[in-house]
Amino acid sequence: MRVNIDGREIETKHKKTILELARENDIYIPSLCDFKGLEPFSGCRLCLVKVEGMKGYVPSCSVFVKDGMKVKTKTSDIQKLRKNILELILTEHPNACLICEEKENCDEHKATIRKVDEVTGCVLCPNNGRCELQNVVREVGLEKVRFPSFYRDIKVKKDDPFFDRNYNLCILCGRCVRVCRDIRGLSVITFVKRGAKTAVGTSFGRSLLDSGCQFCGACVDVCPTGALTEKAVKYDSPPDKKKDTVCPLCSMGCSLEFNFFKDKFLGANPAGSSPVNSGQACVRGRFALRDVVRSENRIRKPLIRKNNQLEEATWEEALDYASEKIKKYKPDEMAVVTSPQLSCEDIFVFNKFAEKVLKTKHINKKAEGSPLSLVSDACRKNGISLPMQFKLDDISELDAVFLMGGNLMESAPIVWLSVLKALDRGADLITAGFLESPVDRYASKKLRVTPGMESYLLAFLSKCILDDCGGKEFAAEKGFDEFRRSLDGIPYKYLEESTGISIEAVKQTADILRKRDKSGLIFAPQVIGREREEAAAEALLNLAFLSDSRIFPLSVEGNHRGWDAINKDFSEKTKSISEIWNSIKKGQYKALYTAAPLDIPEDDGLELLIVQDSFTGDDLDKADVVLPACVLSETDGSIVNTEGRIQGLRGPLDSLGDAKPDWEIVTKLAGRIGSKDFGYTTAGDIRKEMARKLPRFKDISQTLPKRGKEVFLKEDNEYRKKYIPLNPLNELEKETPQYPLRLVLEHGFDYYRNCLLSEEIAEFDLFRSKQWIKMNKRDTQKYELKEGFPVTLKSKKGQFKGFVHISEYVPEGIVTAYYIPGRDENRADLNLSPVKITRGK
Amino acid sequence: MAKIIDRKRLVPNIHMIEISAPDIVKRCKPGQFVILMPDEKGERIPLSLADWDEKRGSITCVFMVVGTSTQKLSRLRSGDDIPVCVGPLGKPAEISKFGTVLCAAGCYGIGAIYPIARALKQAGNTVMTLVDAKANYLIYWEDRFKEISDKYFVSSRDGFFDCKDYIPKVLKDVLKDNKIDRVISIGCTYLMYTCSEATRPLNIDTYVHLNPIMVDGTGMCGACRLKVGDSTQFACVDGPEFDGHLVDWNELFYRRKSYFNDEIRSLCYWEREEKPRKMTKEKR
């Protein structure tokens, strides 16, 4: 179609608004409420244009172009109208500096008073220089505001973590309200009050912390004014340089832009053009990463234990020391622990080192509570093959989403955004898990299962499907008869009792899964013990076959998929970090080389402990040698996100102190121990070898994939089904009057190597503390506890400490605590067992 | 220890604090200042005296919240104690019969210039006041000034006043329409600088009350040094009142930024570490 804007004939194919078309063709139309990715709002009225044949003036942000349309954007009456509208907007926004001739001089000479409490002018505003209002005033050419200015005098909200809210600067464009509701699915903030008193706020004016805010920062990123400002950078100048990278803090692999001013690292913003996160991020990438990578607790120099104390050493000394010691041990006396938070290159070199240099089989290759590891293991064990990789868009195209496991907003925030898109299209959401979660409000069915009985719930669903359809269509498939028999052996009544879910609810769910065209089973991380997790993965596969659903097994840590893919190509013999930990506890090893956070057990019998980490942690207390590693943002390695997408980190930061990339340290150590010098000088050399040796990495090259170019792990395209008979579960120990509560561990995501986000960042601790013991309010009343009370959880097997946190998402009778594999192995034993809670430190 | 009698926000960012200080009241004169510390660990903050009350034995200061220590100060309440309150410090402002005096002030300076204007009025001068504020809601003590001023002007960029100019332009207009013998200006450094520059071509005596970075306030450390004419002077003991036409403004602007990055670090640390940790601790 052809559209005429200001006399220019413009050709366009796609349906778009006048504003979008004008912007694409560099025709300026001012707007303050419109934002890419958000629905048109027509709130600010600045984008009014004249369209021939249409009455009055129309908002160009919400009128779609038509063939033959004639648009005028700059007539004198439109300009006058815009000035009037802008003047009215500015009566409630500090406007002195916007129209003052002295502005530039003040910027120069009044810079130091930018630290004020309340913003009453641009020179005092954190947004000075990056403010959209300033741009609009300049473009519209406003020189005077004729009306008296009005100060709302709303108290600036500074007590929430990460960002301040100053609604005296708000122009009510509604972007934050819309992004929170439409993109993030939360609606923590909304318009409150009516008429002249309309403002943005939370319900009952509560703090963001008490309103369920996830602190994703989306509202801060869309705010056109200084109303929402990030605390950490609000006094800094706007960035003069941006560098692309990928967030290493979880498996989403969000594209981020690192901001710099005069080479000082300011922080990270989500990159708008990313196919993964398209302008969104979560609290970890948006706010925490900044403090993590530049933490005070970074290890900057190699350390060697001398006279029972760690002393600084040179790299030569540390590597010589470590290699001399390693040479003394036999292969079976040594273990290596790697982390899914390392880059692919690091993991490859670590595996090669364990296999070729140490010749040990004791290296961890399975992840605890990771759906990806569990499902892929179950497939391999049973000769099943099905696509394990996916694109986030596949999720947004589903008609029914069965979500199993923990809180998606916490474990996989970007996957949640895709689910939300599916829901917008009318999909049904079914949540299954032992906890309530903020995503439940969108669920058409909530299945609150007894903790640990997840595999029974899935079998329950399978049984309902089979009984409903008779099962003839599946009869010829591999393993079906045996599977059917195993289901027939369990009566419905028993399933109802053990899962705690009524047959009606399960039947309805089965119906949805079976009848919807595209249904998907999202398997989110949860910790219910190895056996039960394996059983759940197998039951999930069965359900997927019966309901013709696609499985989306999520990964956990930053490079979990890469770690998994590389490990599998090295050897089939798999051990998990917990198994290695238990072996250490039994005194099986004499030497341990760890690059993952590990809580070294007492009386470990270790003669040599080499810790390779970026941060100081408890494991340093016992370390003989400490090798400082770079954080991923300082390396040019690659990581694979939950989809299977291989992404380059591009090292936007310089390494801190003497820290080196992990692969380099291992390479140097290898060169010292045997003749096996791997001969790598750059991460590119390793990629070259990986592409040659690892079939799944065939598509990577020496140089990292550029943004926009999509490189995925290679996957088997074969589709082989096999039903797996249901494994009966052990009965859980019953609650007793002495141990009246049940402990369920939740997977902790808020850590990066040895750095716990809630310990590192005081604000993070307010938001989500690793030390929380979450429980229902009624239980706290019953046991006379209050928010923040120090408590001890005791079971017959052990005990640990924490602080009470009241959570509406934890059902009565259950307490939850966070568990990080390797780090919290002391807690693992207590999982799913009855506990008692006592006050006191 | 000194007791806070009252602390309240006058307008956004500007607070008034009344402190019980019977010994200081006995000696203080217009133009002098005191040094306060909000807690044992904070900085020493020099604040001009904005008023005092001999009967109540109290002094009043007006301050702007513009960093960690003033943030802390702005959180104090009536009945709280502060560890340090010393004064009166500095030389008093020169008060005698000059004829017509224009007091031009902005921001915290509106409070700081008040006792000087009052004393000048008592000394028999015709006192005119010119107050600068970005907007109508930033003006305070209007009634106090109207009581002691023969004429009262406002410069603002607010449509409320039908005026959109910064103080020097309005000042020039006032000087054109009235015969002024002396100008006194207190406010941010840039305001005092622009006022001095406005009067320089007209050769009108202009005095400013300077606000360099200051530590001890008794002439020992020299942090508040500035160049006035050919000599180096200390704002704490030689000032704070100086001839605005002799001050080396560029040096003053430059020196005021000396610790800018550290000031930001300190404020960020306080907002992002100390405050949240305190909140967590309170819960536990």
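Of all accessible surface on segment B:110-231 at a 1.4 Å probe, what whole percent is carbon and sulfur?
Carbon and sulfur atoms account for 47 percent of the accessible area of segment B:110-231.
Taking all protein chains in place and a 1.4 Å probe, what share, in percent, of the accessible surface of segment B:2-89 do carbon and sulfur account for? Intermediate values should be presented prior to the final figure.
Numbers: 1620 of 3600 Å².
That fraction is 45 percent.
Within the accessible area of segment A:202-312, what % is carbon and sulfur when the probe is 1.4 Å and the other protein chains stay in place? Provide the component values of the computation, followed by the final result.
Values: 1760 of 3990 Å².
Of all accessible area on segment A:202-312, carbon and sulfur atoms account for 44 percent.
Just in segment A:771-837: which GluC sites (Glu not before Pro) are loop by DSSP and have at most 15 other Cβ atoms within 10 Å?
Details: sites: A:Glu784, A:Glu787, A:Glu808, A:Glu812, A:Glu825; in loops: A:Glu784, A:Glu787, A:Glu808, A:Glu812.
Hits after loop and neighbour filter: A:Glu784, A:Glu787, A:Glu808, A:Glu812.
If the cut-off is a Cα-Cα distance under 22 Å, which lysines reach B:Lys281, setting aside same-chain residues fewer than 8 apart in sequence?
By straight Cα distance, B:Lys281 reaches A:Lys157, A:Lys158, A:Lys231, A:Lys770, A:Lys774, A:Lys777, A:Lys786, A:Lys801, A:Lys841, B:Lys41, B:Lys72.
With equal scatterers on the alpha carbons only and no solvent term, can you work out the Debye log10 of I(q)/I(0) for the protein assembly as shown at 0.04, 0.10 1/Å?
For the protein assembly as shown, the Cα-only Debye profile gives -0.27, -1.28.
Of B:Asn211, A:Asn135, A:Ile820, which is farthest towards the positive pole of the protein assembly as shown's charge dipole, taken about the Cα centre with +1 and -1 on the beta-carbons of Lys, Arg and Asp, Glu respectively?
A:Asn135
Among A:Leu358, B:Leu102, A:Pro740, whose Cα lies farthest out toward the positive end of the dipole of the protein assembly as shown, if unit charges sit on the beta carbon of Lys, Arg (+1) and Asp, Glu (-1)?
B:Leu102
Among the lysines, select those whose C-alpha is under 22 Å from the C-alpha of A:Lys144, and discard any that sit fewer than 8 residues away in the same chain.
Excluding near neighbours in sequence, the set is A:Lys74, A:Lys80, A:Lys83, A:Lys103, B:Lys134, B:Lys164, B:Lys169, B:Lys172.
Starting from the alpha-carbon convex hull of chain B, give the projected area averaged over all orientations, in nm². Could you put the intermediate results ahead of the total?
Values: hull surface 63.3 nm².
The number I arrive at for chain B is 15.8 nm².
What translational diffusion coefficient, in µm²/s and rounded to a whole number, does the Stokes-Einstein relation yield for segment A:255-294 at 37 °C and a viscosity of 0.692 mPa s, taking the hydrodynamic radius as the Kirkwood radius over Cα pairs?
Values: Rh = 10.3 Å.
Using the Kirkwood radius from Cα pairs, D works out to 318 µm²/s.
Using a 10 Å Cβ count of at most 10 others and DSSP loop calls, identify the longest part of chain B lacking such GluC sites (Glu not before Pro). Please report the intermediate quantities before stating the final value.
Working: sites that count: B:Glu40, B:Glu54.
Result, exposed sites excluded: B:55-284.
Averaged across the residues of B:150-160, what count of C-beta atoms belonging to other chains lies within 10 Å of each residue's C-beta? Please list the in-between numbers first.
Numbers: counts 0, 0, 0, 0, 0, 0, 2, 13, 10, 11, 7.
What the average comes to for B:150-160 is 4.
Among B:Val84, A:Leu398, A:Gly267, which residue has its Cα positioned farthest towards the positive end of the charge dipole of the protein assembly as shown, with +1 placed on the Cβ of Lys and Arg, -1 on the Cβ of Asp and Glu, and the dipole taken about the Cα centre?
A:Leu398
For segment A:1-87, state which GluC sites (Glu not before Pro) are in a DSSP loop and have at most 13 other beta carbons lying within 10 Å of their beta carbon.
Values: sites: A:Glu9, A:Glu11, A:Glu20, A:Glu24, A:Glu52, A:Glu87; in loops: A:Glu52.
Taking segment A:1-87 and a limit of 13 other Cβ atoms within 10 Å, the loop GluC sites (Glu not before Pro) found are A:Glu52.
For chain B, modelled as a GNM with alpha-carbon contacts under 10 angstrom, which of B:Cys61, B:Cys268, B:Cys236 fluctuates the most?
B:Cys268
With a 1.4 Å probe and all protein chains kept in place, how do A:Cys125, B:Cys221 rank by accessible area, largest first?
Working: A:Cys125 15, B:Cys221 65 Å².
Solvent-accessible surface, decreasing: B:Cys221, A:Cys125.
Classify segment A:741-839: rounded, prolate or oblate, from the alpha-carbon gyration tensor (a ≥ b ≥ c, eigenvalue square roots; a/c under 1.5 rounded; otherwise prolate if a/b is larger than b/c)?
On the way: a/c = 1.94, a/b = 1.26, b/c = 1.54.
Judged from the Cα gyration tensor, segment A:741-839 comes out oblate (a/c at least 1.5, b/c at or above a/b).
Can you give me the relative contact order of chain A as a percent, contacts being Cα pairs under 8 Å and 6 or more apart? If you can, show how the numbers build up before the last one.
Numbers: 1747 pairs, mean separation 103.0, N = 841.
Answer for chain A is 12 percent.
Can you pull the accessible area of B:Lys169 for me, 1.4 Å probe, Å² to the nearest 10?
100
What ranking of A:Arg284, A:Arg672 comes out by heavy-atom accessible area, probe 1.4 Å, highest first? Intermediate results must be reported in sequence, preceding the final value.
Working: A:Arg284 5, A:Arg672 60 Å².
Result, largest first: A:Arg672, A:Arg284.
Can you list the lysines whose alpha carbon sits under 16 Å from that of A:Lys352, skipping same-chain ones fewer than 8 residues off?
A:Lys361, A:Lys365, A:Lys568, A:Lys573, A:Lys668, A:Lys676, A:Lys688, A:Lys693
Can you give the charge dipole size of chain A about its Cα centre, rounded to the nearest 20 debye, using +1 on the beta carbon of Lys and Arg and -1 on the beta carbon of Asp and Glu?
1360
Note the count of lysine pairs whose C-alpha atoms are less than 13 angstrom apart in segment A:371-553, limited to pairs 8 or more residues apart or on different chains.
Working: A:Lys445/A:Lys507; A:Lys446/A:Lys507; A:Lys463/A:Lys493; A:Lys463/A:Lys507; A:Lys507/A:Lys515.
Final tally of qualifying lysine pairs is 5.
For A:Asp291, A:Asp77, A:Asp424, give me the order by solvent-accessible area with a 1.4 Å probe, most accessible first, ignoring ligands, DNA and RNA.
Numbers: A:Asp291 25, A:Asp77 70, A:Asp424 120 Å².
My answer, sorted largest first, is A:Asp424, A:Asp77, A:Asp291.
What shape does segment A:371-553 take by its C-alpha gyration tensor, where a ≥ b ≥ c are the square roots of the eigenvalues and a/c under 1.5 counts as rounded, a/b above b/c as prolate, and the rest as oblate?
Since a/c stays below 1.5, the shape of segment A:371-553 is classed as rounded.
How many Å² of accessible area per residue for the protein assembly as shown, probe 1.4 Å?
On a per-residue basis, the protein assembly as shown sits at 40 Å².
According to the square roots a ≥ b ≥ c of the eigenvalues of the Cα gyration tensor, what is the shape class of segment A:205-304, taking rounded for a/c under 1.5, prolate for a/b larger than b/c otherwise, and oblate for the remainder?
On the way: a/c = 1.42, a/b = 1.38, b/c = 1.03.
In terms of gyration-tensor shape, rounded.
Report the A-B buried area as the accessible area lost on both sides summed, probe 1.4 Å, in Å² to the nearest 100.
On the way: alone 34600 and 14570 Å², together 44650 Å².
By this definition, chains A and B bury close to 4500 Å².
If you put +1 on each Lys and Arg Cβ and -1 on each Asp and Glu Cβ, how big is the dipole of segment B:100-256 around its Cα centre, in Debye rounded to 20? Before the final figure, lay out each step's value.
Values: 18 positive and 20 negative charges, 36 e Å.
That gives a dipole near 180 debye.
What fraction of the DSSP beta bridges in the protein assembly as shown is antiparallel, stated in percent and rounded to the nearest 5? Don't jump to the answer; show the numbers that get you there.
Values: 91 of 159 bridges.
Once the DSSP bridges in the protein assembly as shown are tallied, antiparallel ones form about 55 percent.
With +1 assigned to the C-beta of every Lys and Arg and -1 to the C-beta of every Asp and Glu, and no other charges, what is the dipole magnitude of segment A:371-553 about the Cα centre in debye, to the nearest 20? If you can, show how the numbers build up before the last one.
On the way: 23 positive and 28 negative charges, 18 e Å.
The calculated dipole for segment A:371-553 is roughly 80 debye.
The values are calculated or read from the model by the stated rules, or taken from the named source; none is laboratory data. Small disclaimer: the values here were computed from a predicted structure and weren't measured. Cβ coordinates were reconstructed from backbone atoms using ideal geometry, including for glycine residues, and neighbour counts include every protein chain displayed. Just the protein is used for accessible areas: all its heavy atoms, side chains included, with ligands, DNA and RNA removed. Shrake-Rupley method; radii C 1.70, N 1.55, O 1.52, S 1.80 Å.
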